[in-house]
Amino acid sequence: MERLRARLEATLNDATRRAYAQLAVRKRRVMADSLPMTLRTYRRLSAAVALLAPALIKRRLKQGKEDPARIGERRGMSRDTRRMTFGLDSRPSVGEVLAAAALIERLRALISASC
């Protein structure tokens, strides 16, 4: 009986070691896939500037550089209450249509070449 217990314990210890080894490999992989330092720095600086935005807007108001009637636009709130109609306000530009047409042609060529 003791021999069986020792064998089971050794098997479980071995399985635990392998699990921890796989976890360490996954952790290294996650670190390799993390965001670049420049993007992390940009995000932090953007968040800091967002906290300072109200003070900067007040300063610009005092200096007369902002229109007090339109200050909500600086905060992302528009007073524009126009109703949007789907067909009239969502048309693509000529450049967008030409770019999409060229892309479609290239994709068709790639698909026909691979078939």
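The values are calculated or read from the model by the stated rules, or taken from the named source; none is laboratory data. Quantities reported herein were computed from a predicted structural model and do not represent experimental measurements. No Cβ is skipped: glycine too gets one built from the backbone with ideal geometry, and neighbour counts run over all protein chains shown.
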Taking into account only those residues within the range 82-104 that are loosely packed, with under 10 Cβ neighbours inside 10 Å and charged (D, E, K, R), which is modelled with the highest pLDDT? R91
Kindly indicate which of A19, A24, A113, A109 is modelled with pLDDT under 80 and out of contact with any helix residue (DSSP H, G or I) (no Cβ under 8 Å at 6 or more places or on another chain). A24
